[in-house]
Amino acid sequence: MENRNIEERHTENDGRLLSARVATKASANMYSPPGFFKLQIKRLKKHRLILWFIIPAALFTLIFSYIPMMGVLFAFKDTKFDYAMRAGADILGALQYSAWTLETIKAIFNSDFLSALWNSVFINLIKLVIVFPLSILIAVQLSELKNQTSAKLVLIIICIPNFLSWTTVVATWNGFLDPSFGFLGKMLKDLTKGESLTYYEWSFKPLFVFLNAWKGAGWGCIMYYAAITAIDKTYYESATIEGANKFQKTLYLTIPSIAPTIALMLVMNISGFLGVGLDQVKLMLDKASYYDSQKTLDLYIYEMSIGNGAGVSYVQAAALGVFNGLTGLILMLVGNKITTKTLHKSLW
């Protein structure tokens, strides 16, 4: 009798639990959140006025970023595409006339390409080692100034070269380095015993990086300076009370606090590792003595696409563009992984 009562109680409890689960499931189905598309439509209706600001940017991106990506197809065509384009055919006609192939991708890996690739990578390595930390150093030094008005004035002065065109910058420094009337050129000519400093094979890369740092280091430090000024000053007061000197406060407080900004800028620099700036290269190019050390990947693509006249190869230029894009994507992913492991900060 007693066992029967126990079994009845258990059965009753199980029935209550089952009823509770069914009721919970029914209420969940009754009040389930809307689907993804329904939620997006609801948000669009709610913020429909903002669409008038988004539509122009979306159209601009579609026209100038996504539609030109159809040019990727050229990289997988044979040389008949070039012949058809030179003969006056339209793009669709040239695509139909030529055959699909991977030989164009293989053909770009020649000695000229490898030389241009090495020059671009070498220049960017120097910029990453010298120019990138230089912007951080300038920002830290400006933050150490007690008078913030003076710091902002200095920041404005060192940012002025960024607003000058490369034509002005290169022409100005050409005048400074001219051995006939430039004061730096005369000085260096005396130091080198008559040999003038121009864009020769041995001096092209150092001058290239120097002009890049002179023009862009001040502008590059703005983000770091803004991140430093946003740090709570009480942290520095506490560090001073604990006996930390300026170097220790910079190393253990300032740098870790701006680590997200450093990670962001580092990934952006790494993702554009193959590009050094075509305008600067073209203006600094020594046409009288064109060394292989002066040819970068940007210049090589320019010459391959529109710079060589009758020797233009649209398919090879497109293949080089595909290589540049895929390499930039891979470098961005690798750079993000590196910053995640080292700085514990990432883009996503």
- Query: Pick from the stretch 106-136 the residues that are loosely packed, with under 14 Cβ neighbours inside 10 Å and of a type in the set (A, V, I, L, M): which of them is farthest from ALA213 (Cα to Cα)?
  - Reply: LEU114
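One line per residue, one yes/no per condition, for (1) touching a helix residue (DSSP H, G or I) at 6+ places or on another chain (Cβ under 9 Å); (2) under 30 Å from GLN316 (Cβ atoms):
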residue	(1), (2)
PHE37	no, no
ILE41	no, no
LEU44	yes, no
LEU49	no, no
PRO56	no, no
TYR66	no, yes
- Query: Has the stretch 319-327 got at least one residue that is surrounded by 16 or more Cβ atoms within 10 Å (Cβ to Cβ), touching a helix residue (DSSP H, G or I) at 6+ places or on another chain (Cβ under 9 Å) and outside any helix (DSSP H, G or I)?
  - Reply: no
- With the first residue restricted to the stretch 320-331 and required to be touching a residue at least 24 places away in the same chain (Cβ under 8 Å), and the second required to be among the polar types (S, T, N, Q) and in a helix (DSSP H, G or I), Cβ contacts under 6 Å at 6 or more apart or on different chains are GLY328/SER271; LEU331/SER271
- Message: Consider the stretch 52-85. How many of its residues are in contact (Cβ under 8 Å) with a residue 60 or more places away in the chain and loosely packed, with under 13 Cβ neighbours inside 10 Å?
- Response: 0
- Query: Which pairs do you get when a residue that is more than 12 Å from ASP279 (Cβ to Cβ) and of a type outside the set (S, T, N, Q), found in the stretch 160-182, comes within reach of a residue that is modelled with pLDDT under 90 and not in a helix (DSSP H, G or I), reach meaning Cβ atoms under 6 angstrom, with the pair 6+ apart or on two chains?
  - Reply: GLY175/GLY182; PHE176/GLY182; LEU177/LEU197; PRO179/SER196
- Item | Of residues in the stretch 261-306 being among the β-branched types (Val, Ile, Thr) and modelled with pLDDT of 85 or more, the one nearest to MET85 (Cα to Cα) | ILE301
- The residue that is farthest from TYR224 (Cα to Cα), considering only those in the stretch 139-159 that are among the charged types (D, E, K, R) and either crowded, with 16+ Cβ neighbours inside 10 Å or without any contact (Cβ under 8 Å) to a residue 60 or more places away in the chain (or both), is LYS146
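The values are calculated or read from the model by the stated rules, or taken from the named source; none is laboratory data. Computed from a predicted model, the values in this text were never measured in an experiment. When we count neighbours, we look across all protein chains shown, and the Cβ atoms used for this are built from the backbone with ideal geometry, even at glycine.
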